[in-house]
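Colleague: First the structure, which I've put down as structure tokens, then a few questions once you've had a look.
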Amino acid sequence: MSEESVHEAGCIHTSQGLEFDYTGVIIGDDMRFENGKVITDYTKRAKTDNSLKGVKTLAKKDKEKADRVADVLVYSQNLLDKLELDADEIVNMKMKQNEAKYPVDKAKGNATKYTEL
């Protein structure tokens, strides 16, 4: 690590593996420290942030459901980051498994159990 890097800014991914003695976090309105606790508020995220796409629209219809969905998405993303996993890779792998398990030409419009297709 360069001595000058302490004067640089980057995303969370550029600081992975560094000791916390050497990193800082810029906190915005969507994540703040208040009354001794870290508070998150997805409604304050930047308009360009698509990580919770659709949750704000859902909140207009059902705020409680939107809060639950946001919690699951944030938890899932944190888990993926912690385990160094790629969500797109996992979803694509599962989609390929499902395509093999449920062939469209046999399964579409058919109520037969997949093991009998």
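The values are calculated or read from the model by the stated rules, or taken from the named source; none is laboratory data. None of the values given here were measured: they were computed from a predicted structure. Here the Cβ positions follow ideal geometry from the backbone for every residue, glycine too, while neighbour counts run over all protein chains shown. The protein model used for the area step is the full one, side chains on, heavy atoms only, and it has no ligands, DNA or RNA in it. Shrake-Rupley method; radii C 1.70, N 1.55, O 1.52, S 1.80 Å.
Colleague: Is it the case that Ala59 is in contact with a helix residue (DSSP H, G or I) (Cβ under 9 Å, 6 or more places away or on another chain) and at pLDDT 80 or above?
Modeller: On the way: in contact with a helix residue (DSSP H, G or I) (Cβ under 9 Å, 6 or more places away or on another chain): yes; at pLDDT 80 or above: yes.
Considered against the rule, which asks whether it is in contact with a helix residue (DSSP H, G or I) (Cβ under 9 Å, 6 or more places away or on another chain) and at pLDDT 80 or above, Ala59 comes out as yes.
Colleague: Here is a follow-up. What are the residues in region 86-103 that are open to solvent by less than 90 Å² (accessible area, probe 1.4 Å) and either closer than 17 Å to Arg45 by Cβ or in a loop (DSSP other than H, G, I, E, B) (or both), if any?
Modeller: Passing the criteria: Asp86, Pro103.
Colleague: Pick from Leu52, Leu80: which is open to solvent by less than 90 Å² (accessible area, probe 1.4 Å), within 30 Å of Met31 (Cβ to Cβ), not in a helix (DSSP H, G or I) and not small (Gly, Ala, Ser)? Even if it seems obvious, please write down each step before you answer.
Modeller: Values: Leu80 fails: not in a helix (DSSP H, G or I).
Leu52 is the lone residue from the list that is open to solvent by less than 90 Å² (accessible area, probe 1.4 Å), within 30 Å of Met31 (Cβ to Cβ), not in a helix (DSSP H, G or I) and not small (Gly, Ala, Ser).
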